[in-house]
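The values are calculated or read from the model by the stated rules, or taken from the named source; none is laboratory data. The shown structure was predicted, so the numbers you read here are calculated from the model rather than taken from an experiment. We place every Cβ from the backbone using ideal geometry, glycine too, and count neighbours over all the protein chains shown. Note: areas computed on protein heavy atoms with side chains; ligands, DNA, RNA excluded. Shrake-Rupley method; radii C 1.70, N 1.55, O 1.52, S 1.80 Å.
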Amino acid sequence: MDLAIEDLRSNHRAQLAIGLFIGIGFGFLLQKGGVTRYDVIVGQLLLADFTVFKVMASAVIVGMVGIHLLRSLGLASLHPKAGSWGSSALGGLIFGVGFGLLGYCPGTAAGAVGQGSIDALLGGVGGILLGAGIFAWRYPSLEERVLRRGEFGDKTIPEILGVNPWMVVIPTALILLGVLFWIEETGF
Amino acid sequence: MMEQFEMDLWSPYVVGAGIGALNTLAFLLSDRPIGTSSAYARGSGMIERAFRGSKVEAKAYYRKFEPVVDWEVVLVFGIVVGAFLSAVLSGSFRVEAVPALWAARFGPDPILRIAAAFAGGVLMGLGARWAGGCTSGHGISGTAQLAASSWLAVACFFIGGVATAMVLFGAGV
């Protein structure tokens with residue numbers, strides 16, 4: 001590993017500056033993409049407007065290829081999150097109900113605050129803070145009773161399949177590209 | 001160049017590719033993926049500590065996610081700033097409590113909209129921490145790493161989200 005990058009990664013102040021810089025770029029892009037708007041996000045959930053899917057799929061294709069290139073070059077390692085049916089699936093569904101009601105997600109709610117959306121500030125950011133606090137309060141018993149049900153660890157799909165990551169990266173990118181072309185063709 | 005910054009909307013593909021590039025940059029420069037929901041957990045801990053003092057730090061969850069300003073907290077702050085810059089440059093900054101689509105279905109009452117948004121936000125904050133990530137951490141970063149947990153979580157985000165939106169607005173709107 002390059003020593004300069006190691007130094008940068010262990011420099012706390014530099015890291016906060018990088019986080020801020022990446023956040024500004026991220027927020028700028030989210031707003032320019034229209035995905036900080038309630039109408040666009042709920043339009044996606046009603047399967048009437050595919051802007052959110054287009055943004056997410058493009059981000060996944062480029063990020064997936066970029067991250068795996070860095071990994072193949074020895075410049076980065078993966079940080080997949082551990083999962084279980086009790087946590088990923090059940091938590092995901094609870095999140096989804098909130099997603100439908102709120103019409104923003106934690107990142108786009110912050111972006112919506114920046115464009116002046118009061119519902120994203122009072123309802124979104126306020127609600128998410130309280131919800132995260134409730135989780136922290138109930139964490140010990142949830143951890144014991146639910147979160148570990150059906151654990152499958154921090155495995156990646158290539159690890160589960162026992163193949164070189166590129167054997168999954170390339171087909172996944174092609175499938176997502178195919179779906180994007182199909183969406184454009186059908187006029188969504 | 002300035003003209004692009006002043007445009008209201010960019011192609012979703014340009015925006016998505018840019019976000020994917022930022023995610024790659026986060027791995028290179030910071031050895032971490034982009035995510036936002038743990039920032040809310042830390043923020044919640046910081047607010048609670050302001051009221052209840054440092055005993056809050058003894059909670060098991062806050063020993064895992066210390067209530068301090070970290071990379072992800074400044075990232076979320078940056079999102080607000082970046083979106084503000086984008087909105088101001090394009091002239092689309094507007095103080096608004098009730099989005100048009102909501103108003104068309106449930107009327108213009110800001111109290112009703114904010115109450116529903118708050119209820120949704122509570123479920124979202126709970127669910128994001130329950131699932132260990134949100135539409136950024138799982139949806140964009142975890143899926144890009146091909147993490148099994150993230151693909152499952154994202155499928156559930158959208159199953160729950162589509163079902164709820166269909167119930168609220170009536171299917172086929």
*Length gained when the stretch B:GLN4-B:ILE159 is fully extended (0.36 nm per residue, less Cα-Cα span)*: 52.3 nm
*Please check which bits of region B:22-37 a label hung off A:LEU8 would reach, taking the label as a point 7 Å along Cα-to-C-beta and the cut-off as backbone N under 17 Å.*
B:22-34
_Under 13 Å, Cβ to Cβ, from B:ALA58 - net charge with Lys/Arg +1 and Asp/Glu -1_ = +3
_Listed pairs A:LYS81/B:LYS64; A:LYS155/B:LYS64; A:LYS155/B:LYS59 exceeding 24 Å between Cα atoms_ = A:LYS155/B:LYS59
*Express the relative contact order of chain A as a whole percentage, based on alpha carbon pairs under 8 Å and six or more residues apart in sequence.*
27 percent
_Under 17 Å from A:LYS32, Cα to Cα: lysines that are on another chain or at least 8 residues apart_ = A:LYS54
_Run the reach check for B:LYS55 against aspartates and glutamates, Cα to Cα strictly under 17 Å, same-chain hits fewer than 8 apart removed. What comes back?_
B:GLU66
*asked:* Suppose every Lys and Arg Cβ carries +1 and every Asp and Glu Cβ carries -1, with no other charges. What dipole size does the protein assembly as shown come out with about its Cα centre, to the nearest 20 debye?
replied: 960 debye
*Take every Cα-Cα distance within the protein assembly as shown, group them into 20 Å bins from 0 onward, and report for each bin the whole-number percent of pairs it holds.*
31, 62, 7
*How far is the Cα center of region A:4-73 from the Cα center of region B:101-163, in Å?*
17 Å
*Relative contact order of chain B: what whole-number percent is it, with Cα pairs under 8 angstrom and at least 6 residues apart?*
26 percent
*Quick one: order A:THR36, A:THR172 from most to least accessible surface, probe 1.4 Å.*
A:THR172, A:THR36
*Return one whole number: the accessible area per residue of region B:105-171 in Å², for a 1.4 Å probe.*
29 Å²
*Ordered by packing density, taken as the mean number of other Cβ atoms within 10 Å over each peptide's residues, highest first, how do B:120-131, B:63-74 rank?*
B:120-131, B:63-74
*Within region B:1-116: Cβ-based charge dipole about Cα centre, in debye rounded to nearest 20 (Lys, Arg +1; Asp, Glu -1)*: 660 debye
*For n ≥ 4 DSSP H runs only, could you compute -39500 (n - 2.57) per run for chain B, divide by its residues and tell me the 222 nm figure to the nearest 500?*
-22000 deg cm²/dmol
*Using a simple spin-label model with points 7 Å from Cα along the Cα→Cβ vector, what separation in nm is obtained for A:ALA17 and A:LEU174?*
4.4 nm
*Anything in chain B that counts as a DSSP H helix reaching 24 Å or more along its axis (C-alpha) with Kyte-Doolittle mean of at least 0.5? List them, would you?*
B:12-30, B:71-90, B:110-131, B:148-169
*Mean Cβ count within 10 Å, highest first, over the residues of peptides B:83-92, A:100-109*: A:100-109, B:83-92
